[in-house]
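A short worksheet on the structure shown next.
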Amino acid sequence: MVPERRISPRDTFAAMRYRNYRIWFAGQLVSLFGTWMQVTAQGYLAYQLTKSVAFLGYVAFANGIPVWLFMLYAGSVADRVPRKTLMLYTQS
């Protein structure tokens, strides 16, 4: 029987040893916080202007429309197009 290898925090965060990854991670963290702040502010503003819970729901629904519209199409494209080509198109 092979002894089970324990995973240390050093193994878990191995990618943090690389400077470029740390820079990318920090940028993603700032971007995520900005997105959360924007969504929260939009909902707050919509409610303050209208005092309507229904309108607050409409704003939240409108934020999700692009995902619902393009999710299935994008998934099927991602399955059919080579990864390198897809990355070049989506990142440019």
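Just so you know, all these numbers are worked out from the coordinates, no wet-lab data involved. Not measured: the values here are computed from a predicted model. Virtual Cβ from ideal backbone geometry, glycine too; neighbours counted across all protein chains shown.
Restricted to the chain, the set of helices (runs of 4 or more DSSP H) holding at least 3 residues that are in contact (Cβ under 8 Å) with a residue 12 or more places away in the chain, under 21 Å from the mean Cα position of the chain (by Cα) and surrounded by 10 or more Cβ atoms within 10 Å (Cβ to Cβ) comprises 19-50, 53-80. The set of residues in segment 59-91 being touching a helix residue (DSSP H, G or I) at 6+ places or on another chain (Cβ under 8 Å) and within 26 Å of Gln38 (Cβ to Cβ) consists of Val59, Ala60, Asn63.
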